[in-house]
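Okay, structure first, notes after.
The values are calculated or read from the model by the stated rules, or taken from the named source; none is laboratory data. Remember, it's a predicted structure, so these values are computed and weren't measured experimentally. Cβ: placed from backbone, ideal geometry, glycine included. Neighbour counts: every protein chain shown. Please note that ligands, DNA and RNA were not included when accessible areas were found on the heavy atoms of the full protein model with its side chains. Shrake-Rupley method; radii C 1.70, N 1.55, O 1.52, S 1.80 Å.
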Number of protein chains: 2
Amino acid sequence: MRFDASTLVYDANGLLPAIAQDVDSGDVLMLAWMNADAVQRTLETGRVTYWSRSRKALWVKGEVSGHVQELVDLRIDCDHDCLLLKVRQTGPACHTNRKSCFYTAVRDGREVELMAPAAG
Amino acid sequence: MRFDASTLVYDANGLLPAIAQDVDSGDVLMLAWMNADAVQRTLETGRVTYWSRSRKALWVKGEVSGHVQELVDLRIDCDHDCLLLKVRQTGPACHTNRKSCFYTAVRDGREVELMAPAAG
């Protein structure tokens, strides 16, 4: 059936969570939010575009940093209220300059940092 | 530093999204929601426990179906408002009896089903 971004299930703010996963390594890179317009633009341009909740604006990932995400495959979950984006990531995905936002683990009741920021 | 589940950043409903990833295959299995109590119980029991938004109750994943998730590693993102759970999954993760909830792709503007439900 023809895909229509408006048929996805959005929350009270018109958003749904989108998980970005590196298509080669399988690493989960980050989770951010999309509205219907962001979903549509991501599909049309092949450049992953989120909704910035802080700036209240569309956010083409990497537009400023150069750390863009090329969309390889877009997946929808069973409830149509969450997306999984298989992406080809340029540079680190995290604004802290780490390849993934999930660089902290909880082990033996303590937070442990697993990755250092990339140099430069 | 000592981990305290109450220091995570929850939304207006007291919830944050938690992504479950198969620790062996790297497949992203599902996204569900946790409150601070669910995070604490998951860490204490090693059995992944979500908050069911429909039932408004703690939900020990697999308690009814047997399709439990054993927690292998819990990761926190840079904003402390999202979790990544590395899990060992018994049976299919999805309530539709598929190994992952993300079994639909959008390709050439159409929805394509990538996985069939497990037999039995």
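Being in contact with a helix residue (DSSP H, G or I) (Cβ under 7 Å, 6 or more places away or on another chain) and more than 26 Å from residue B:23 (Cα to Cα) is the filter here, so list the residues in segment A:35-57 that pass it. Once the filter is applied, which keeps residues that are in contact with a helix residue (DSSP H, G or I) (Cβ under 7 Å, 6 or more places away or on another chain) and more than 26 Å from residue B:23 (Cα to Cα), segment A:35-57 yields A:36, A:39, A:40, A:49, A:50, A:51. All conditions but one from (1) within 8 Å of chain A (Cβ to nearest Cβ); (2) under 15 Å from the mean Cα position of the chain (by Cα); (3) of a type in the set (Val, Ile, Thr) apply to residue B:87; the one that does not is (1). Residues that are loosely packed, with under 15 Cβ neighbours inside 10 Å and charged (D, E, K, R) were ranked within segment B:82-120; the one that is farthest from residue A:72 (Cα to Cα) is B:88. Of all residue pairs spaced 6 or more apart or on separate chains, those with beta-carbon atoms under 8 Å, a first member in segment A:99-117 that is more than 8 Å from chain B (Cβ to nearest Cβ) and in a strand (DSSP E or B) and a second member that is buried (at least 17 other Cβ atoms within 10 Å of the Cβ) and not aromatic (Phe, Trp, Tyr) are A:112/A:104; A:112/A:105; A:112/A:106; A:113/A:104. Of all residues in segment A:59-81, which are acidic (Asp, Glu) and either more than 7 Å from every other protein chain (Cβ to nearest Cβ) or open to solvent by 40 Å² or more (accessible area, probe 1.4 Å) (or both)? Selection gives A:63, A:70, A:79, A:81. Residues in segment B:6-45 that are within 12 Å of chain A (Cβ to nearest Cβ) and of a type in the set (Gly, Ala, Ser) were compared, and the one that is most open to solvent (accessible area, probe 1.4 Å) is B:12. Select from segment B:48-58 the residues that are in contact (Cβ under 8 Å) with a residue 24 or more places away in the chain and buried (at least 16 other Cβ atoms within 10 Å of the Cβ) and write down the one among them that is nearest to residue B:13 (Cα to Cα). Filtering segment B:48-58 for residues that are in contact (Cβ under 8 Å) with a residue 24 or more places away in the chain and buried (at least 16 other Cβ atoms within 10 Å of the Cβ), the one nearest to residue B:13 (Cα to Cα) comes out as B:51.
For (1) assigned to a loop (DSSP other than H, G, I, E, B); (2) of a type in the set (A, V, I, L, M), each residue gets a yes or a no:
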site	(1), (2)
B:6	no, no
B:10	yes, no
B:21	no, no
B:29	no, yes
B:41	no, no
B:50	no, no
B:65	yes, no
B:81	yes, no
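If the condition is being within 30 Å of residue B:116 (Cβ to Cβ) and free of Cβ contacts under 8 Å to residues at least 40 places away in the same chain, then segment A:59-91 contributes A:70, A:71, A:74, A:75, A:77, A:78.
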